[in-house]
Amino acid sequence: MHLIDVVADTSMESILSFIENEIAAYQTKYIILSFQENVKDTERKKIVEMIKNHFDIFIVLRSDIPKDQQRIEEYFSYGVHGIYFDTIPNKYAKEDIEIMTFATELFPRGWVFANTRNIESMIEVLLALRIIPVLLESDTALVKFIKSHTGFSKISQKLIKSVPLLDEKQDCYSLTDKIKIKMLLESLNLRQKLMIKNIDESFNSSGL
C-alpha cells in the first residue's frame, strides 16, 4: 500500500519526494493519503492540488467512517479521486452503510473502498453496495472470489487493470494503458471541478 500519513508539519517536498520514489520503485499509479486531525481542510486541499500538478496519479483518501454525510462532501472537496474506509468492524452498522452508500453516490463508481475481516458475508455486503472490499490479510483465493463475483463486475467496468488496494500486484503498463490512465484522470478531474464547485456553493449558502 502506497500510504502517506500527513501531519501538520509534513513538508510538501517530502510528500512529493515520497511519491516520486514510489513511482520509480513500483510503477504505482495511485497513492493513499491519510491526514491527521491537526491538518486543516484548506491545507488538505492544497496538498491534493500540488500532487495533481506534479503527477498523473490517482489519489485515494484513507479515513474512518464519519458520523455524517457532510464530512463525505468535505472529503470529496479535497479533490481526491476515491475514498478508503479503513474502519474494521465485526459487522457494519446501519449508520455506517448509509454513510458509505452516500459516498458511492458522490465518488465515481469503483473508487469507494472499505476494509473487511476477510469474511465473505461482509465482502458480499460491500459488493452489493458497489464498494470494493479491501482484505485485512492477503488472500489470493478471496481476491479471485471478489473479482469473479457478479457484484464486482458491476463496479469495476472502467477501472484500470490493477485495482488499487484489492490487488496490489503491479503489472507493466503499455503506452495504451498510460494513455487510458491519462484520459481517465482528466475525466475524473473535470468531473470533480464541476461537483466541487457545487458543493462549495452549497457550503457557502448554508454559512458553513
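Applying the selection to the range 137-165, what residues are in a loop (DSSP other than H, G, I, E, B), surrounded by 12 or more Cβ atoms within 10 Å (Cβ to Cβ) and modelled with pLDDT of 80 or more?
D139, H149, L165
Of the residues F107, F55, which single one is among the aromatic types (F, W, Y) and under 20 Å from T28 (Cα atoms)?
F55
Quick one: would you say I4 is surrounded by 15 or more Cβ atoms within 10 Å (Cβ to Cβ), touching a residue at least 60 places away in the same chain (Cβ under 8 Å), of a type in the set (A, V, I, L, M, F, W, C) and in contact with a Phe, Trp or Tyr (Cβ under 9 Å, 6 or more places away or on another chain)?
So I4 does not fit the description; no.
Within the range 21-61, how many residues are aromatic (F, W, Y) and closer than 21 Å to D86 by Cα?
The number of residues fulfilling the criteria is 3.
Hey, does the range 28-38 have a residue that's under 25 Å from S156 (Cα atoms), surrounded by fewer than 20 Cβ atoms within 10 Å (Cβ to Cβ) and among the small types (G, A, S)?
yes
A quick yes/no check of all residues on (1) in a strand (DSSP E or B); (2) more than 15 Å from the chain's Cα centre (by Cα):
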| position | (1), (2) |
| --- | --- |
| M1 | no, no |
| D5 | yes, no |
| D9 | no, yes |
| I51 | no, no |
| R62 | yes, no |
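Say we look at the range 77-96 and pick out the residues that are part of a loop (DSSP other than H, G, I, E, B) and small (G, A, S); which of these is surrounded by the fewest Cβ atoms within 10 Å (Cβ to Cβ)?
Step one: filter the range 77-96 for residues part of a loop (DSSP other than H, G, I, E, B), giving 78-81, 86-93.
Filter once more, keeping what is small (G, A, S): 79, 93.
Working: G79: 21, A93: 10.
So, considering only residues that are part of a loop (DSSP other than H, G, I, E, B) and small (G, A, S), the one surrounded by the fewest Cβ atoms within 10 Å (Cβ to Cβ) is A93.
Exactly one condition in (1) in contact (Cβ under 8 Å) with a residue 12 or more places away in the chain; (2) assigned to a helix (DSSP H, G or I); (3) over 23 Å from Q192 (Cα atoms) is not met by E74; state its number.
Of everything listed in (1) in contact (Cβ under 8 Å) with a residue 12 or more places away in the chain; (2) assigned to a helix (DSSP H, G or I); (3) over 23 Å from Q192 (Cα atoms), E74 misses just condition (3).
The values are calculated or read from the model by the stated rules, or taken from the named source; none is laboratory data. Everything numeric here is computed off the predicted structure, so don't read it as measured data. Backbone-built Cβ (ideal geometry, glycine too); neighbour counts: all protein chains shown.
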